[in-house]
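Trainee: Encoded as structure tokens, here's the structure I'll be asking about.
Nothing in this text is a laboratory measurement; each read-out follows from the coordinates by a stated rule. Small disclaimer: the values here were computed from a predicted structure and weren't measured. Note: ideal-geometry Cβ built from the backbone for every residue, glycine included; neighbour counts use all protein chains shown.
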Amino acid sequence: MRHLSDIRRLPSEPQGIPGYSELDLRLAWNGLHRAEISLIGQNLLHAHHPEFGPPTMRGEVERAAYARFAWGF
């Protein structure tokens, strides 16, 4: 869980960026010999949120989920 407060004003422009809270989650299982299965979710509280930068070039970070299988030898 993380919270970023709003940026009320940027030096190059009068408008800022709203604050937001987000949640990342990882569930893993090590039940197999030298192997791990995990489910990962990122930015689960909102579909997207803006990042720092001018509005015309500002990117949006989107929600993501994926599964992972890792095996060591």
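Trainee: So how much slack lies between LEU23 and ALA65, counting 0.36 nm per residue of separation and subtracting their Cα-Cα distance, in nm?
Mentor: Full-extension gain reported as 13.9 nm.
Trainee: Which entry in (1) 17.4, 45; (2) 17.1, 53; (3) 17.6, 57 is this structure's computed Rg and Dmax of the Cα atoms in Å?
Mentor: (3)
Trainee: Here's something else I'd like to know. To the nearest 0.05, what FRET efficiency results for ILE40 and ARG8 with a Förster distance of 22 Å applied to their C-beta separation?
Mentor: Working: r = 33 Å, r/R0 = 1.50.
The pair ILE40/ARG8 has a calculated efficiency of 0.10.
Trainee: Something else about it: Label 7 Å along Cα→Cβ of MET1; segment 29-73 residues with amide nitrogen under 14 Å?
Mentor: Those under the cut-off are 44-45.
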